[in-house]
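Working notes for the structure below.
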């Protein structure tokens with residue numbers, strides 16, 4: 001039986017990935033930090049295919065040291081000391097925030113003086129560590145905004161769904177802001193394929209299509225009858241569509257429509 005190790009398996013993506021891999025018949029180990037530390041002291045057995053899902057998102061500004069440990073320091077320990085067949089590091093399409101394009105080989109821009117760029121800097125340092133390992137089986141997946149059951153309210157859409165159920169949405173960002181969203185089932189199946197047979201170092205895992213905040217508001221109001229409060233003076237955040245040409249060409253990837261799955265997302269958000 002093939003073995004996989006999901007690091008960060010207690011998180012949203014890690015939980016879905018673990019269930020998916022076990023459904024394929026894999027033996028999956030999901031160690032907590034103490035168990036991983038114990039393994040790294042004496043790495044006698046292989047971790048098999050490693051999925052590095054450890055990371056901080058919404059609270060990275062309040063936890064800068066934990067962010068660096070999660071995205072860089074622990075990864076360095078695993079790359080240096082663990083035995084594994086392959087490793088897939090989960091990065092983020094946020095690294096394209098100031099880039100000229102979202103092609104995977106695009107040169108990226110960060111500002112070390114801006115605390116908000118700590119997330120991008122730490123993810124890129126993790127990517128750089130992966131690239132420094134002379135093994136083709138160490139790969140990087142840059143994920144966009146992942147949606148699905150159990151996503152919680154830490155993310156933008158999860159918070160919107162909760163507010164819609166409660167009867168009133170307060171939007172603190174501009175209604176014409178846009179982001180890329182992708183369903184978690186599409187993510188985990190694609191991650192498994194990249195880890196198993198990816199030919200390149202880095203991949204974008206996204207839908208390739210942006211959705212505006214205005215669309216979420218209109219649809220949620222139509223589905224729930226909630227009231228809205230919008231700050232039209234808020235800053236507009238625009239992200240270029242994510243280039244998913246590589247996963248289309250190599251894997252024939254066809255993401256499902258987030259828009260068509262909104263009723264299902266809404267139903268799961270109250271379970």
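The values are calculated or read from the model by the stated rules, or taken from the named source; none is laboratory data. Bear in mind the structure is a predicted one, so any value in this text is a computation, not a measurement. Positions of Cβ are generated from backbone atoms using ideal geometry, with glycine treated the same way; all protein chains shown enter the neighbour counts.
Could you tell me whether residue 86 is in contact with a strand residue (DSSP E or B) (Cβ under 9 Å, 6 or more places away or on another chain), surrounded by 15 or more Cβ atoms within 10 Å (Cβ to Cβ) and in contact (Cβ under 8 Å) with a residue 24 or more places away in the chain? For residue 86, the condition - in contact with a strand residue (DSSP E or B) (Cβ under 9 Å, 6 or more places away or on another chain), surrounded by 15 or more Cβ atoms within 10 Å (Cβ to Cβ) and in contact (Cβ under 8 Å) with a residue 24 or more places away in the chain - is met.
If only residues of the range 22-33 that are modelled with pLDDT of 95 or more and part of a helix (DSSP H, G or I) are counted, the one that is surrounded by the most Cβ atoms within 10 Å (Cβ to Cβ) is 22. Annotation: of all residues in the range 98-118 being under 14 Å from residue 64 (Cα atoms) and over 18 Å from the mean Cα position of the chain (by Cα), the one that is modelled with the lowest pLDDT is 115. Of the residues making up the range 106-138, just one is within 30 Å of residue 259 (Cβ to Cβ) and either out of contact with any helix residue (DSSP H, G or I) (no Cβ under 9 Å at 6 or more places or on another chain) or part of a strand (DSSP E or B) (or both), namely 116.
Among the criteria (1) modelled with pLDDT of 95 or more; (2) surrounded by fewer than 18 Cβ atoms within 10 Å (Cβ to Cβ), the one residue 231 does not fulfil is (1). If we keep just the residues of the range 211-228 that are under 17 Å from residue 257 (Cβ atoms) and in contact with a strand residue (DSSP E or B) (Cβ under 7 Å, 6 or more places away or on another chain), which is surrounded by the fewest Cβ atoms within 10 Å (Cβ to Cβ)? Ranking the qualifying residues of the range 211-228, first place goes to 212. Among the candidates 62, 100, 112, 70, the residue that is within 22 Å of residue 8 (Cα to Cα) and either exposed (fewer than 14 other Cβ atoms within 10 Å of the Cβ) or free of Cβ contacts under 8 Å to residues at least 12 places away in the same chain (or both) is uniquely 62. In the range 38-51, the residues that are on the phi < 0 side of the Ramachandran plot and loosely packed, with under 13 Cβ neighbours inside 10 Å never reach a residue that is part of a strand (DSSP E or B) and at pLDDT 95 or above with C-beta atoms less than 8 angstrom apart, at least six apart or across chains. Among the residues of the range 139-173, those that are under 18 Å from residue 220 (Cβ atoms), part of a strand (DSSP E or B) and within 14 Å of the chain's Cα centre (by Cα) comprise 145, 147. Within the range 74-93, the set of residues being more than 19 Å from the chain's Cα centre (by Cα) and part of a helix (DSSP H, G or I) comprises 76, 77, 78, 79, 80, 81. Please tell me if residue 152 is touching a strand residue (DSSP E or B) at 6+ places or on another chain (Cβ under 8 Å) and either modelled with pLDDT of 95 or more or under 27 Å from residue 24 (Cα atoms) (or both). Here the answer is no, as residue 152 does not meet what is asked. Quick check on residue 202: is it out of contact with any strand residue (DSSP E or B) (no Cβ under 6 Å at 6 or more places or on another chain) and either at pLDDT below 95 or within 23 Å of residue 96 (Cα to Cα) (or both)? The answer is no for residue 202. Could you list, in sequence order, the residues of the range 155-171 that are over 22 Å from residue 14 (Cα atoms) and in contact with a strand residue (DSSP E or B) (Cβ under 9 Å, 6 or more places away or on another chain)? Correct list: 160, 163, 167, 168, 169, 170, 171.
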